[in-house]
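To start, the structure under review is shown below, and the notes come after it.
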Amino acid sequence: MSWWLVVWLSAVSYGLKVLGLVVLGGRELPAVVNRCLALIPAALLAALIMKDTLTVGQELVVDARLVGVSVAAAATMRRLPLTAVLILGVGSTALVRAVAGLI
(Lines give C-alpha, C1' and ligand atoms only; values in the text may rest on other atoms or scores of the structure.)
Protein backbone atom coordinates (compact mmCIF):
# COMPACT_ATOMS: atom_id res chain seq x y z
CA MET A 1 0.00 0.00 0.00
CA SER A 2 1.41 3.36 -0.96
CA TRP A 3 1.48 6.46 1.21
CA TRP A 4 -0.58 8.31 -1.38
CA LEU A 5 -3.40 5.84 -0.81
CA VAL A 6 -3.18 6.38 2.96
CA VAL A 7 -3.27 10.16 2.50
CA TRP A 8 -6.17 9.93 0.03
CA LEU A 9 -8.22 7.64 2.31
CA SER A 10 -7.55 9.93 5.26
CA ALA A 11 -8.71 12.95 3.27
CA VAL A 12 -11.86 11.16 2.12
CA SER A 13 -12.63 10.05 5.67
CA TYR A 14 -12.14 13.56 7.03
CA GLY A 15 -14.21 15.00 4.18
CA LEU A 16 -17.12 12.68 4.91
CA LYS A 17 -17.06 13.68 8.57
CA VAL A 18 -17.09 17.36 7.66
CA LEU A 19 -19.88 16.76 5.13
CA GLY A 20 -21.96 15.14 7.88
CA LEU A 21 -21.49 18.16 10.12
CA VAL A 22 -22.41 20.55 7.31
CA VAL A 23 -25.49 18.60 6.22
CA LEU A 24 -26.82 18.03 9.73
CA GLY A 25 -25.80 21.39 11.12
CA GLY A 26 -27.18 21.76 14.62
CA ARG A 27 -30.06 19.33 14.13
CA GLU A 28 -30.47 16.23 16.26
CA LEU A 29 -30.81 12.80 14.70
CA PRO A 30 -33.95 10.78 15.45
CA ALA A 31 -33.73 8.61 18.57
CA VAL A 32 -33.88 5.36 16.58
CA VAL A 33 -30.88 6.44 14.47
CA ASN A 34 -28.89 7.35 17.58
CA ARG A 35 -29.63 3.93 19.10
CA CYS A 36 -28.49 2.19 15.91
CA LEU A 37 -25.32 4.30 15.68
CA ALA A 38 -24.47 3.43 19.28
CA LEU A 39 -24.42 -0.30 18.37
CA ILE A 40 -22.03 0.02 15.41
CA PRO A 41 -18.71 0.04 17.38
CA ALA A 42 -19.59 -3.16 19.27
CA ALA A 43 -20.70 -4.92 16.10
CA LEU A 44 -17.57 -3.83 14.23
CA LEU A 45 -15.29 -4.98 17.05
CA ALA A 46 -17.05 -8.35 17.24
CA ALA A 47 -16.71 -8.83 13.48
CA LEU A 48 -13.00 -7.99 13.56
CA ILE A 49 -12.38 -10.37 16.47
CA MET A 50 -14.17 -13.24 14.74
CA LYS A 51 -12.40 -12.57 11.44
CA ASP A 52 -9.02 -12.71 13.15
CA THR A 53 -10.02 -15.75 15.20
CA LEU A 54 -11.28 -17.88 12.32
CA THR A 55 -8.93 -16.98 9.48
CA VAL A 56 -5.27 -17.23 8.59
CA GLY A 57 -4.65 -15.32 5.37
CA GLN A 58 -7.42 -16.42 3.00
CA GLU A 59 -8.06 -19.74 4.77
CA LEU A 60 -10.83 -20.57 7.22
CA VAL A 61 -9.20 -22.19 10.27
CA VAL A 62 -10.74 -23.55 13.45
CA ASP A 63 -8.06 -23.97 16.10
CA ALA A 64 -7.29 -23.23 19.76
CA ARG A 65 -8.00 -19.53 19.28
CA LEU A 66 -11.71 -20.27 18.93
CA VAL A 67 -11.72 -21.97 22.34
CA GLY A 68 -9.95 -18.99 23.89
CA VAL A 69 -12.40 -16.48 22.41
CA SER A 70 -15.35 -18.63 23.49
CA VAL A 71 -14.07 -18.90 27.07
CA ALA A 72 -13.37 -15.16 27.16
CA ALA A 73 -16.86 -14.42 25.83
CA ALA A 74 -18.42 -16.64 28.50
CA ALA A 75 -16.35 -14.93 31.18
CA THR A 76 -17.42 -11.54 29.85
CA MET A 77 -21.08 -12.54 29.98
CA ARG A 78 -20.58 -13.50 33.62
CA ARG A 79 -19.24 -9.96 34.12
CA LEU A 80 -15.84 -11.05 35.41
CA PRO A 81 -13.09 -8.42 35.64
CA LEU A 82 -11.09 -7.74 32.47
CA THR A 83 -7.94 -9.28 33.94
CA ALA A 84 -9.80 -12.52 34.69
CA VAL A 85 -11.29 -12.58 31.18
CA LEU A 86 -7.84 -12.18 29.62
CA ILE A 87 -6.23 -14.82 31.85
CA LEU A 88 -9.04 -17.31 31.18
CA GLY A 89 -8.94 -16.73 27.42
CA VAL A 90 -5.17 -16.97 27.12
CA GLY A 91 -4.98 -19.87 29.55
CA SER A 92 -7.61 -21.93 27.75
CA THR A 93 -5.92 -21.30 24.39
CA ALA A 94 -2.57 -22.38 25.82
CA LEU A 95 -4.13 -25.47 27.41
CA VAL A 96 -5.75 -26.57 24.15
CA ARG A 97 -2.51 -26.04 22.26
CA ALA A 98 -0.56 -27.98 24.89
CA VAL A 99 -3.01 -30.87 24.84
CA ALA A 100 -3.04 -30.90 21.04
CA GLY A 101 0.76 -30.87 21.01
CA LEU A 102 1.06 -27.57 19.16
CA ILE A 103 3.41 -25.87 21.64
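Here are a few things to note about the model shown:
- In segment 52-103, the residue that is farthest from Ala42 (Cα to Cα) out of those that are β-branched (Val, Ile, Thr) and in contact (Cβ under 8 Å) with a residue 12 or more places away in the chain is Val96.
- Evaluation of Val7 against (1) over 19 Å from the mean Cα position of the chain (by Cα); (2) at pLDDT 95 or above (one fails), failing number: (2)
- Criterion violated by Arg79 - all others in (1) part of a helix (DSSP H, G or I); (2) of a type outside the set (Val, Ile, Thr); (3) at pLDDT 95 or above satisfied: (1)
- Within segment 11-64, being among the basic types (Lys, Arg) and either part of a helix (DSSP H, G or I) or closer than 30 Å to Thr93 by Cα (or both) holds for Lys17, Arg35, Lys51.
- Ala98, sole failed condition from (1) surrounded by fewer than 15 Cβ atoms within 10 Å (Cβ to Cβ); (2) under 19 Å from the mean Cα position of the chain (by Cα): (2)
- Restricting segment 42-74 to residues that are under 18 Å from Arg97 (Cα atoms) and of a type in the set (Gly, Ala, Ser) leaves a set whose member that is surrounded by the fewest Cβ atoms within 10 Å (Cβ to Cβ) is Ser70.
The values are calculated or read from the model by the stated rules, or taken from the named source; none is laboratory data. Please read these numbers as outputs of a predicted model, since none were measured by experiment. Cβ: placed from backbone, ideal geometry, glycine included. Neighbour counts: every protein chain shown.
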